[in-house]
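Below is one structure, written out as structure tokens; comments come after it.
The values are calculated or read from the model by the stated rules, or taken from the named source; none is laboratory data. Remember, predicted model here, so these are calculated numbers, not experimental data. Note that each Cβ is placed from the backbone with ideal geometry, even for glycine, and that neighbours are counted across all protein chains shown. Accessible surface is based on the protein model in full, side chains and every heavy atom, while ligands, DNA and RNA are left aside. Shrake-Rupley method; radii C 1.70, N 1.55, O 1.52, S 1.80 Å.
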Amino acid sequence: MPKKVLNQFIGQLQNDVSTHYKEGDRYLSIRQISEHFHVSIQTAQRGVAVLTDKEILLPKKKAGIKVGPGINHLAKPLLGKRIIVLSKVSTPIFYQGFLDGIKERVKDSGAQVDMIVHTEKQDVSSLSFGQWMVDQHAAGFITLSYTKESALPFYHALREGTNIVSDIILDDLPILPAVQTDNYRHAFAAGRYMANLDLDSLYVFGTYPEKNKRMLGFAQGVKESGKTVKYEQLAGIDLMVNSMNILSAITPKTGIFLSDYTSVHNIASLCSRFHIHFKEGTIIAYDGAESNEIRYPGIPPIPCIGPTFKELGYNLCDTLVQKILTGNYPQPLQKRI
């Protein structure tokens, strides 16, 4: 590996340790370092060796790699930097786990995290929105749920030197760094899980129009089983009536896939409120909060198939922090988790 590239990796490794860890914490294994920074095992070992000489990392046999006292002598590179989290969805239950993940990731780093929610009435497609981002003079933005309508203002802000990372991959703006959950892949896994259960009827609840990647992935996952899938969009004036009709008629052989966080909250709340019982394991969710299960009073835990919102916050925050500290976004610019 060229010396320049090796030194860049060592800088990224040191910044990661100083930003996210404190003395005594357990750090990543050599293999995890290799995967996280997209370097070879040999390069990961060389980087750890350099930081070991500085007592920033302390590898010990059978005990893994610990963070050493050398970290206390490093300056906090994020001290005083302002990170703005922008959400186009105003429901706190939607973005809270995401925000928590970002705050947790820069905890003790000295960075300031501000949350700003744009309402549906605000125009996020105009150049003035892009200029507003520039005028904030923030170290960077982490955006949630902005779609292709914001490609132009995002491009303007990026061109003016503003750091932005997004939770949605915009085909209209391939230079926008984005970390997006792989909707089709995780929904397909949910479908395969449901296909192997002894179920007679399958439902997908979602807030999106029917032809979305989560519905398509789920349907493909159950295709070989011969089971049919019915989609129920949680929108419109008949939302409550339609949902209750389905929930009231569920049997031990009814399977339900909740394809987004809003659906999880709405359906789980209805089940809890009206004492609607389902057989444990026959309902599964796409988006989770802080763990692999969602819990509501009076109903069995709902297992989650996709990454949690907090994990998405971790990934986006790591991407932005690397750009702030090194001047370069990690490669590839756009990835799915």
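Using a probe radius of 1.4 angstrom, the carbon and sulfur fraction of the accessible surface of the range 124-277 is 52%.
Against the empirical 2.2 N^0.38 Å (N residues), the range 141-207 has a Cα radius of gyration ratio of 1.60.
Which is the longest stretch in the chain that no exposed loop site breaks, taking sites as trypsin sites (Lys or Arg not before Pro) with a DSSP loop state and at most 15 other Cβ atoms within 10 Å? In the chain, the maximal stretch lacking such sites is 122-210.
Based on Cα contacts under 8 Å between residues 6+ apart, the range 207-337 shows a relative contact order of 16 percent. For a quick check, take a GNM of the chain with Cα springs below 10 Å and name the residue from Ile305, Ile284, Ile65 with the largest mean-square fluctuation. It is Ile65.
Counting heavy atoms of the protein chains alone, Thr228 has an accessible area of about 100 Å² for a 1.4 Å probe. The mean of 1/r over all pairs of different alpha-carbon atoms in the range 1-81, once inverted, gives a Kirkwood hydrodynamic radius of 12.8 Å. Considering every alpha-carbon pair of the range 1-156, the percent of pairs per 5 Å bin, from zero through the bin containing the longest distance, is 2, 8, 15, 15, 14, 13, 12, 10, 7, 3, 1, 0.
Per-residue accessible area (protein heavy atoms, 1.4 Å probe) orders Met115, Met133, Met240 as Met240, Met115, Met133, starting from the largest.
Largest mean-square fluctuation among His73, His118, His277, in a Gaussian network model of the chain whose springs join Cα atoms under 10 Å apart, belongs to His73.
Within a straight-line Cα-Cα reach of under 18 Å, Lys227 can be paired with the following aspartates and glutamates, leaving aside sequence neighbours fewer than 8 residues apart in one chain: Asp198, Asp200, Glu210. How would the range 88-149 be classified by its alpha-carbon gyration tensor: rounded, prolate or oblate, with rounded meaning a/c under 1.5 and the a/b versus b/c comparison settling the rest? Verdict is oblate for the range 88-149. Structure remark: mean-square fluctuation, Gaussian network model of the chain, C-alpha springs under 10 Å; the largest value among Leu28, Leu316, Leu258 belongs to Leu28.
Using the Cα gyration tensor of the range 201-257, with a ≥ b ≥ c the square roots of its eigenvalues, what is the shape: rounded (a/c below 1.5), prolate (a/b larger than b/c) or oblate (neither)? Oblate. Of the residues Ile84, Leu316, Val67, the one whose Cα sits farthest toward the positive end of the charge dipole of the chain, with +1 on the Cβ of Lys and Arg and -1 on the Cβ of Asp and Glu, is Val67.
When the listed pairs Lys54/Lys103; Lys103/Lys223; Lys223/Lys279; Lys61/Lys107; Lys76/Lys335 are checked against a 32 Å cut-off, the alpha-carbon distance exceeds it for Lys103/Lys223. Once C-alpha pairs closer than 8 Å and six or more residues apart are averaged by separation and normalised to the residue number of the chain, the relative contact order reads 16 percent. Exposed loop sites here are GluC sites (Glu not before Pro) assigned a DSSP state other than H, G, I, E or B and surrounded by at most 15 other beta carbons within 10 Å; excluding them, the longest clear run of the chain is 211-279. Between [x] 39, 25, 18; [y] 37, 23, 16; [z] 43, 27, 22, which matches semi-axes √(5λ) of the Cα gyration tensor in Å calculated for the structure shown? Recomputing semi-axes √(5λ) of the Cα gyration tensor in Å here gives the entry labelled [x].
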